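Student: Take this structure first; my questions come after.
The values are calculated or read from the model by the stated rules, or taken from the named source; none is laboratory data. Just so we're clear, the structure is a prediction, and the values are computed from it rather than from any experiment. Heads up, the Cβs are rebuilt from the backbone with ideal geometry, glycines too, and the neighbour counts pull from every protein chain shown. Calculation scope for accessible area: heavy atoms of the full protein, side chains included, ligands and nucleic acids excluded. Shrake-Rupley method; radii C 1.70, N 1.55, O 1.52, S 1.80 Å.
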Amino acid sequence: MIRSDLAAKLAGRTTFGADLDRPGMLWAALVLSPVAHGRIRRVDLSKVRKAPGVVVAITAPDVEKLLPKGSGDPERPVFPTREVLYRHQPIAAIAARTLSEARAAALLAEVDIDPLPIVDDIETVFPEWPEPSKKPNSAVVAHVHARHGDLEAAFREAEFVHSETYRTAGVHQVALETHACLAEVEGAIWRVTTSTQSPFSVREDLSSQLGLPESAVVVEGSWVGGGFGGKTSALLEPFALLLAAAAGAPVRLALSYREEFLLGRTTLPCVVRIESSVAKGRVTGRRVRMLLDCGSTMPSRDFATGYAITFLLGPYNVDTFEVEGYGLRTNKPPFGPHRAPLIPQLTFVIDSHMDSIARRLSVDPIAFRRAHVWHEGDSTALGQRIGPSGIDSALERAEKTVLRWRGNAPREHGFGIGVGYWSTGVSAGGEARLRLTPQELVIEQGEREIGSGSVVRGLVAVAERSLGLPASAIRVAYSDTASAPFDSGVFGSRTVGALGQAVQKASEELVRELEARTGTKGSLRLEFDGRSIRAVASGLRRPIAELLTPEELNEGGLKAHGKFYGPPMKFDESRVVAGSFYPVADVVGAVHLAEVSVDRETGAVKVHRYAAFHDVGVALDMAMVRAQVEGGVVMGLGTALTEESLWSSEGSLRNPGLLDYRLPRLNDVPPIEVYPVEGFPGAGPFGAKGVGEPPIIPVPAAVANAVADATGARVFELPLSPERVARALKLL
Amino acid sequence: MTAPPTITLTVNGRTLECRRVPDDERLLDTLRWRLGLKGTKEGCRTGDCGACTVLVDGESVLSCLALTHTVEGSSLVTVEGIAAEPLGKAVVAAFQAEGAVQCGYCTPGFVVALTGLLKERGPKASREEILAALSGNLCRCTGYSPIIRATERLLEKHR
Ligand code: FES
Ligand code: FES
């Protein structure tokens, strides 16, 4: 595999956020709220400050004194001032000479909070469910509603209306490395090195939370021990920076694994009522209602509901529909991004429902989906035109594979299909700079590698194709937000699709400049002989050293800057009744096939074989595509079968550890076959489509449909734990 | 109170003295923060992820659970020293060839654990036995498939 980061990682030489260290560094710990909801009467740190090794301890009133402008965004205070909103919300922070001293001191904080009633269950705070709310409800923090066509007529004229209710659990990203950062305040510069998927988002958050100009905040990404969405915005950085400012020394703050579970912003529970009218073997109308647990204080709750809800209509043509969603505030940590946040769960809903209708009609579930699935030129629910889409082609291949697999499997095994799609985040922009020297091409950009390879390999693959150079002549350079060109972040499967286009544009600019210098046109490529780079065109073959000016040779090479800011996308606003919806940027489809057996006594599900058919547009590096699919499928198996955040009625997470929150392990993994579906180009460079998130999306649906195929019983709730399957089988 | 004792360890072939090691200091912290060997990763600290695996006298040990004074006088191999051993070098090469690394946070633990297993059980160990024993190590990125392929590649080579 071509990845320049592997050797250092295999030798243990890579510095992750958790490995950061400075001379004179202090260690930090957080004081966490003992209740899930309450009015703060007093936070007394006097005993903490006297504890051995403690250098500084800060809480809400101290923040103002430390900030140059005296305050930050009142909507997003660093520490709560009046009310705590979730259990384990940080209410104070401590820096000490050692970690054990900081942690021991945290226990000495005297915290007096008057408990308030807790909202933990979205169905109880929404008594009208599943009917839309007519009464004002203070728990509702987002409401989205869209419709099109005459749904009442469709329902009236249908042969039947198929109605189901599904529930999905909260899940955690569980990156192996917890959040970790190191803060230093020197003069007017607030500098933090941190394990993040988006240094520029962290800068923006810090600037607003701390009331500092962006120029005063410098964020440097460390290597990231897994992100999966959990490291896209600031979490620990404000605490660490304030402690560093208070102490006048560098401060390291890293979460323990338990804290990672308790404080992480994750996917929260969701309930969906889905109803489809069916006539002549087709879905003629669909009504969807959703309640989403938004946790406390989510800044982008509209985004979560409005972006998520249209996925409940699936990649299917249903022109007559109504979707209505409510985001509800609960006393849990805020909802946060997670590899395709909520979409594996919602795909489980829509694709279980499609499967269930097909079974009711006694038609082949794949043929039923193929009769409805999007093709190029079709429209999304909100009237956006679909570009080249390989979903049907993937379904066709899955259809053949099922036949083959059924032929050689034991009778009691079941086979299930999951059909999902993702909208790659190509609308979030970014920039890159290239530097061409006689010996190498350097890609200067603002991200760090989070593991998927999208930076360390993806950007290199784009430059390779753009210029003709081999990967061995290309190096990715990393720097902080003060010197790197802007980029939105490594999320939304956008790195290659969006930042990659900035690299592509900069490459084109380099070529134009070299063509101008050599008087060639239209065919110039670069070649590398292992030592130096040459420009090659018809009748031309010249070392780069001869094409650069003396200044360029002295100052790091010939430079080119590429920017990519996707054009604004539109949808049919007339279909929106209320709330904010989000356009689909670039549709990427995936079809998965699972073969399972179900233990008829315990309800335990075993996955025997798995195949994933992915609409990748053009695979820039097939080994990397395969790696993303294999990893995403296994993460999805966790969502499907075992992973579930459990809360007590007091609002605490009951399973904040790897023993009780069960991830897939090595011996749970079935053989996974990965098939790229090419020929349906996407919006990315050379027609590439994002591949980071799509692989997790169809997994719970494929597994649930396979369980239904094996047993005839449908499970309406994720994860498909043995207990839930046993209930569906009427064993309990 | 008497001063905590000085402890002698051999780490990757070098004999080192650690002074004033408190009784409750964990080997993981000794390696990472006292000796600066941060290749050994801290994951859960509760024995549930395997990221902190090191070899103590040739055997895999979860360094987050081991107290430093209990390994006094032992010979340790961490990821930084693993490639100095022929078996460790082969494991690293197999991981590289199969691309069994993404973020790399679980990698040191896997490389060390697999080296230890191959050493302990011998090159004739069965695939199932090795894979079952590796199942205590968690990886969130790769889906394990390339790690399984790397293991198979190694076992084949020794057959
Ligand atoms: S850190 Fe030791 S097992 Fe997880
Ligand atoms: S490579 Fe990231 S946890 Fe294994």
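Student: Just to be sure before I move on: is A:ALA60 under 35 Å from the mean Cα position of the chain (by Cα) and closer than 23 Å to A:VAL185 by Cα in the structure I sent?
Tutor: yes
Student: So, B:TYR144, is that one touching a residue at least 12 places away in the same chain (Cβ under 8 Å), open to solvent by less than 10 Å² (accessible area, probe 1.4 Å) and either more than 21 Å from A:PRO671 (Cα to Cα) or within 9 Å of chain A (Cβ to nearest Cβ) (or both) or not?
Tutor: The answer is no for B:TYR144.
Let's see how each residue does on (1) open to solvent by less than 10 Å² (accessible area, probe 1.4 Å); (2) closer than 22 Å to A:PHE581 by Cβ; (3) in the same structural domain as A:VAL318 (by TED's automatic domain parsing):
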{"position": "A:ILE386", "(1), (2), (3)": "yes, yes, yes"}
{"position": "A:PHE415", "(1), (2), (3)": "no, no, yes"}
{"position": "A:VAL442", "(1), (2), (3)": "yes, no, no"}
{"position": "A:GLY446", "(1), (2), (3)": "yes, no, no"}
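Student: For B:GLY58, work out the one condition from (1) more than 12 Å from the chain's Cα centre (by Cα); (2) away from ligand 1 (no atom under 15 Å from the Cβ) it doesn't fulfil.
Tutor: (1)
Student: Let me ask you something else. Give the stretch A:524-535 a look and list any residue that's aliphatic (A, V, I, L, M) and touching a Gly at 6+ places or on another chain (Cβ under 8 Å), or say none.
Tutor: Matches in the stretch A:524-535: A:LEU526 only.
Student: Mind counting the residues in the stretch B:61-102 that are hydroxyl-bearing (Ser, Thr, Tyr), within 16 Å of ligand 1 (Cβ to nearest atom) and touching a Ser or Thr at 6+ places or on another chain (Cβ under 7 Å)?
Tutor: Total satisfying the criteria: 3.
Student: Having 2 or more residues that are more than 30 Å from B:ALA51 (Cα to Cα) and open to solvent by 70 Å² or more (accessible area, probe 1.4 Å) is the bar; report the strands (runs of 3 or more DSSP E) wholly within the stretch A:13-122 that clear it.
Tutor: In the stretch A:13-122, A:38-44 are the strands (runs of 3 or more DSSP E) which contain 2 or more residues that are more than 30 Å from B:ALA51 (Cα to Cα) and open to solvent by 70 Å² or more (accessible area, probe 1.4 Å).
Student: Still on this structure: Which residue pairs have Cβ atoms under 7 Å apart, sit 6 or more places apart or on different chains, and have a first residue in the stretch B:49-67 that is away from chain A (no Cβ under 12 Å) and part of a loop (DSSP other than H, G, I, E, B) and a second that is among the aliphatic types (A, V, I, L, M) and more than 9 Å from ligand 1 (Cβ to nearest atom)?
Tutor: If the second residue must be among the aliphatic types (A, V, I, L, M) and more than 9 Å from ligand 1 (Cβ to nearest atom), the pairs left are B:SER63/B:LEU27; B:SER63/B:LEU31; B:SER63/B:VAL54; B:ALA66/B:LEU27.
Student: Residues A:ARG609, A:ARG665, A:ARG654, A:ARG626: which one is of a type in the set (Lys, Arg), more than 10 Å from chain B (Cβ to nearest Cβ) and more than 13 Å from A:GLY170 (Cα to Cα)?
Tutor: So the residue among A:ARG609, A:ARG665, A:ARG654, A:ARG626 that is of a type in the set (Lys, Arg), more than 10 Å from chain B (Cβ to nearest Cβ) and more than 13 Å from A:GLY170 (Cα to Cα) is A:ARG609.
Student: Restricting to the stretch A:138-160, name every residue that is surrounded by fewer than 16 Cβ atoms within 10 Å (Cβ to Cβ) and in contact with a strand residue (DSSP E or B) (Cβ under 6 Å, 6 or more places away or on another chain).
Tutor: A:GLU159, A:PHE160
Student: What pairs can you find where one residue is in the stretch A:420-432 and among the charged types (D, E, K, R), the other is open to solvent by less than 20 Å² (accessible area, probe 1.4 Å), and their Cβ atoms are less than 6 Å apart, with a gap of 6+ or different chains?
Tutor: A:GLU431/A:PRO485; A:GLU431/A:ALA502
Student: Taking the stretch B:87-119 only, how many residues are closer than 18 Å to B:CYS52 by Cβ and more than 7 Å from chain A (Cβ to nearest Cβ)?
Tutor: Number of matching residues: 10.
Student: Which of the residues that make up the stretch A:464-501 are hydrophobic (A, V, I, L, M, F, W, C) and either surrounded by fewer than 17 Cβ atoms within 10 Å (Cβ to Cβ) or in contact with a strand residue (DSSP E or B) (Cβ under 8 Å, 6 or more places away or on another chain) (or both)?
Tutor: Answer for the stretch A:464-501, where residues must be hydrophobic (A, V, I, L, M, F, W, C) and either surrounded by fewer than 17 Cβ atoms within 10 Å (Cβ to Cβ) or in contact with a strand residue (DSSP E or B) (Cβ under 8 Å, 6 or more places away or on another chain) (or both): A:LEU467, A:LEU469, A:ALA471, A:ALA473, A:ILE474, A:VAL476, A:ALA477, A:ALA482, A:ALA484, A:PHE486, A:ALA498, A:LEU499.
Student: Which ones in the stretch A:356-367 are under 17 Å from A:LEU593 (Cβ atoms), hydrophobic (A, V, I, L, M, F, W, C) and more than 30 Å from the chain's Cα centre (by Cα)?
Tutor: Across the stretch A:356-367, the qualifying residues are A:ALA358, A:ALA367.
Student: Out of all the residues in the stretch A:389-400, which are touching a residue at least 60 places away in the same chain (Cβ under 8 Å) and either buried (at least 18 other Cβ atoms within 10 Å of the Cβ) or not assigned by TED's automatic domain parsing to the domain that holds A:TYR316 (or both)?
Tutor: Across the stretch A:389-400, the qualifying residues are A:SER389, A:GLY390, A:ILE391, A:SER393, A:ALA394, A:LEU395, A:ALA398.
Student: Of the conditions (1) within 14 Å of chain B (Cβ to nearest Cβ); (2) over 21 Å from the mean Cα position of the chain (by Cα), A:THR196 satisfies every one except a single condition; which number is it?
Tutor: Single failed check for A:THR196: (2).
Student: Next question, about the same structure. Right, A:ARG191: within 14 Å of chain B (Cβ to nearest Cβ), at pLDDT 95 or above and surrounded by fewer than 24 Cβ atoms within 10 Å (Cβ to Cβ) or not?
Tutor: No; evaluated as a whole, the condition is false for this residue.
Student: Would you check if A:GLU678 is acidic (Asp, Glu), in contact (Cβ under 8 Å) with a residue 60 or more places away in the chain and surrounded by fewer than 23 Cβ atoms within 10 Å (Cβ to Cβ)?
Tutor: Criteria met by A:GLU678.
Student: Evaluate the following for A:GLU573: is it more than 26 Å from the chain's Cα centre (by Cα), under 21 Å from A:LYS400 (Cα atoms) and charged (D, E, K, R)?
Tutor: no
Student: Only residues that are away from ligand 1 (no atom under 16 Å from the Cβ) and closer than 18 Å to A:ALA18 by Cβ: list them for the stretch B:1-55, please.
Tutor: Passing the criteria: B:ARG34, B:LEU35, B:GLY36.
Student: Can you confirm whether B:THR30 is farther than 23 Å from B:GLY136 by Cα and more than 12 Å from chain A (Cβ to nearest Cβ)?
Tutor: Here the answer is no, as B:THR30 does not meet what is asked.
Student: Right, something else. Quick test for you: out of A:LEU459, A:LEU510, pick the one residue that is more than 22 Å from the chain's Cα centre (by Cα) and in a helix (DSSP H, G or I).
Tutor: On inspection, the qualifying residue turns out to be A:LEU510.
Student: Just the residues that are more than 16 Å from ligand 2 (Cβ to nearest atom), within 13 Å of B:LEU76 (Cα to Cα) and either over 14 Å from the mean Cα position of the chain (by Cα) or open to solvent by less than 10 Å² (accessible area, probe 1.4 Å) (or both), please, taken from the stretch B:18-55.
Tutor: B:LEU27, B:LEU28, B:THR30, B:LEU31, B:LEU35, B:VAL54, B:LEU55
Student: Among (1) away from chain B (no Cβ under 14 Å); (2) more than 27 Å from A:LEU731 (Cβ to Cβ), where does A:VAL598 come up short?
Tutor: Status for A:VAL598: all satisfied but (2).
Student: Within the stretch A:215-222, is there a residue that is within 14 Å of chain B (Cβ to nearest Cβ), touching a residue at least 60 places away in the same chain (Cβ under 8 Å) and open to solvent by 10 Å² or more (accessible area, probe 1.4 Å)?
Tutor: No, the stretch A:215-222 contains no residue that is within 14 Å of chain B (Cβ to nearest Cβ), touching a residue at least 60 places away in the same chain (Cβ under 8 Å) and open to solvent by 10 Å² or more (accessible area, probe 1.4 Å).
Student: Output the qualifying pairs, or none if there are none: Cβ atoms under 7 angstrom, residues six or more apart or on different chains, first residue in the stretch B:12-32 and within 16 Å of A:THR98 (Cα to Cα) and touching a residue at least 60 places away in the same chain (Cβ under 8 Å), second residue of a type in the set (A, V, I, L, M) and in a loop (DSSP other than H, G, I, E, B).
Tutor: So the pair list comes out empty.
Student: Additional query: In this structure, is A:LEU346 out of contact with any Asp or Glu (no Cβ under 6 Å at 6 or more places or on another chain), of a type outside the set (D, E, K, R), in a strand (DSSP E or B) and touching a residue at least 40 places away in the same chain (Cβ under 8 Å)?
Tutor: Answer is no for this residue.
Student: Quick test of your reading of the structure: A:LEU553 fulfils all but one of (1) crowded, with 18+ Cβ neighbours inside 10 Å; (2) not in a strand (DSSP E or B). Name the failing condition by number.
Tutor: Against the list (1) crowded, with 18+ Cβ neighbours inside 10 Å; (2) not in a strand (DSSP E or B), A:LEU553 comes up short only on (1).
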